[in-house]
Amino acid sequence: MSWIFDPAQYEEKEFASIPSGDHRVRISGVEQKKFSSGNDGYEITLDVSSYSSKLWFYLVLDPSDVKKTNQRIGSFFNSFDIGDPDLSHYRNWIGKIGGVRVKMDTYNGEERPKVAFCLARKNQDKLPAWKGEPLATAAPSNYETLSPEDELPFN
């Protein structure tokens, strides 16, 4: 692969660190993963209301502790108002808004924000409403929407 770097198109960006505390968040991405523990699970990318930085939440499916795993899944579903318990429908989680508690964690000698846990729906009343960029749509806007009256070419 060949690429010519244009330094004029680079700008150094600063991202405001997300402080400890409770935050309104939106799921912007979900990936199935196999974690270093050998357990399967999901890496969930979270946009944080009023911040350009992101957080990651890890939903690890630990067969050695079924009760704790189900509690963690239930807390996540409750926080993001996910009613479908089928984990294979994880793509439907994208765009859901919930709340998390952030704490600071030391990683490689540097303090970084980390999701401590998901806030129960009933404990999100004091959080401000979601404020941020709209979630990008998956389909380009040049697609035409058909109404039920439209004739399809194969009818």
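The values are calculated or read from the model by the stated rules, or taken from the named source; none is laboratory data. Given the structure is predicted, the values throughout are model-derived calculations rather than measurements. Please note: Cβ atoms are built from the backbone with ideal geometry, for glycine as well, and neighbour counts cover all protein chains shown. Areas reflect the complete protein model, heavy atoms only, side chains present, ligands, DNA and RNA absent. Shrake-Rupley method; radii C 1.70, N 1.55, O 1.52, S 1.80 Å.
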For segment 50-117, radius of gyration divided by Kirkwood radius, i.e. Rg to Rh on alpha-carbons: 1.00
Residue (of SER52, ILE27, GLN9) at the positive-pole extreme of segment 1-61, dipole from beta-carbon charges: ILE27
Residue-averaged [θ]222 nm for the chain, counting only DSSP H segments that reach four residues, each worth -39500 (n - 2.57): -3000 deg cm²/dmol
Values of log10 I(q)/I(0), in the order q = 0.08, 0.12, 0.16 Å⁻¹, for the chain under a Debye, Cα-only, solvent-free model: -0.34, -0.68, -1.00
Cut-off 13 Å between beta-carbons: net charge of the residues surrounding LYS34, Lys and Arg +1, Asp and Glu -1: -3
Accessible area, probe 1.4 Å, largest first, for residues ILE4, ILE82: ILE4, ILE82
Projected label distance in nm at ALA129 and GLU111, using a 7 Å step from Cα toward the beta-carbon: 3.3
The chain: relative contact order in percent, alpha carbon pairs under 8 Å with at least 6 residues between: 24
For segment 5-31 and segment 83-98, distance of Cα centres in Å: 23
Spin-label pair ALA16/SER36, simplified geometry with 7 Å Cα→Cβ offset, distance in nm: 3.2
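Roughly how many debye, to the nearest 20, is the charge dipole of the chain about its Cα centre, given +1 on each Lys and Arg Cβ, -1 on each Asp and Glu Cβ, and no other charges?
In total the dipole reaches around 960 debye.
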For segment 17-81, the fraction of alpha-carbon pairs in successive 5 Å shells from zero, as %: 4, 16, 23, 24, 17, 13, 4, 1
